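Student: Provided herewith is a single structure, encoded as structure tokens, for subsequent inquiry.
The values are calculated or read from the model by the stated rules, or taken from the named source; none is laboratory data. Quantities reported herein were computed from a predicted structural model and do not represent experimental measurements. When we count neighbours, we look across all protein chains shown, and the Cβ atoms used for this are built from the backbone with ideal geometry, even at glycine. Keep in mind that these areas ignore ligands, DNA and RNA; they rest on the heavy atoms of the full protein, side chains included. Shrake-Rupley method; radii C 1.70, N 1.55, O 1.52, S 1.80 Å.
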Amino acid sequence: LATALSECFISVLIRDVLCISFSWYAFIIKSMAAKDGEKLPPGIFEYGGPWKYLTFLNLLLQMVFFGMAVVNDLQTGKNTVKGLNKWKDLIFSVLAFPVGMFVVLLFWVIFAYDRQLVYPESLDAFFPLWMNHAMHTVVMPVLLGEILLQHHVYPKTKNGLAALGVVGLAYLGWVIFIYLAVGLWVYPLLGLLSTSGVLGLFLLNMTVVAMMYLLGRTLNNCVWGE
């Protein structure tokens with residue numbers, strides 16, 4: 001009886017955490033999207049709106065993942081649960097964890113060096129401090145908590161890294177397309193680099209993202225075993 005009650009409590013706890021996480025990201029996305037109608041500093045939402053920023057895309061990614069996790073937790077059909085759980089694990093392992101951790105790490109490293117390159121002071125009047133941390137800090141503990149609460153099946157390392165590489169190239173293409181269309185770099189840092197510098201930075205970033213993928217896999221195995 002004690003075991004059954006313990007399992008029931010853990011199940012309810014996980015479901016509550018998933019629902020709270022999904023609601024949190026939905027709230028942040030709504031709050032950020034609402035800024036699109038305000039008079040923001042020049043170039044912030046010009047051409048592409050918030051969709052050009054990896055931070056916003058990451059928030060959408062996290063919301064989709066936790067939404068899938070909630071639906072998966074509520075499903076009762078065995079075949080349905082198996083299929084949805086497979087996609088949930090794939091999105092978490094290949095995208096949600098490595099991209100989320102990368103956004104937090106890269107943002108604060110550049111912010112500490114020179115915030116004007118990634119988050120100019122002019123944005124403080126539009127995005128309050130709590131929203132900045134919601135977009136660039138809270139993501140990390142939520143992802144680490146997800147690893148502690150639920151086991152995730154990772155794909156083969158080469159397949160996972162290949163999929164991550166395709167997504168990275170797609171985003172690079174989107175950033176370059178915006179620059180060619182309006183002559184504006186999504187991130188001011190890119191405007192200080194040559195073409196080879198932009199490519200070098202992209203390769204460096206992809207290396208860091210790959211390391212985040214391997215970190216997620218390692219943490220998952222440490223907590224749950226192979």
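Student: Does Ile147 count as under 22 Å from Pro50 (Cα atoms) and either of a type in the set (Val, Ile, Thr) or surrounded by fewer than 16 Cβ atoms within 10 Å (Cβ to Cβ) (or both)?
Tutor: Numbers: under 22 Å from Pro50 (Cα atoms): no; either of a type in the set (Val, Ile, Thr) or surrounded by fewer than 16 Cβ atoms within 10 Å (Cβ to Cβ) (or both): yes.
Answer is no for this residue.
Student: Further, regarding this structure: For the subset of the range 42-57 comprising residues that are among the aromatic types (Phe, Trp, Tyr) and either open to solvent by 20 Å² or more (accessible area, probe 1.4 Å) or modelled with pLDDT under 85 (or both), which member is farthest from Val175 (Cα to Cα)?
Tutor: Within the range 42-57, the first condition is being among the aromatic types (Phe, Trp, Tyr), and the residues that meet it are 45, 47, 51, 53, 56.
Restricting the remaining residues to those that are either open to solvent by 20 Å² or more (accessible area, probe 1.4 Å) or modelled with pLDDT under 85 (or both) gives 45, 47, 51, 53.
Working: Phe45: 13, Tyr47: 11, Trp51: 10, Tyr53: 9 Å.
Within the range 42-57, the match that is farthest from Val175 (Cα to Cα) is Phe45.
Student: Right, here's the next one. Which ones in the range 179-226 are open to solvent by less than 50 Å² (accessible area, probe 1.4 Å), aliphatic (A, V, I, L, M) and either over 27 Å from Ser93 (Cβ atoms) or not in a helix (DSSP H, G or I) (or both)?
Tutor: Val186, Leu189, Leu190, Val198
Student: Continuing with the same structure: If you go through the range 127-166 one residue at a time, how many are under 19 Å from Leu60 (Cα atoms) and not in a helix (DSSP H, G or I)?
Tutor: So the count comes out to 3.
Student: Let me ask you something else. Applying the selection to the range 63-83, what residues are part of a helix (DSSP H, G or I) and modelled with pLDDT under 85?
Tutor: If we filter the range 63-83 for residues that are part of a helix (DSSP H, G or I), which is where we start, we get 63-74, 78-83.
Correct list: Asp73, Leu74, Lys78, Asn79, Thr80, Val81, Lys82, Gly83.
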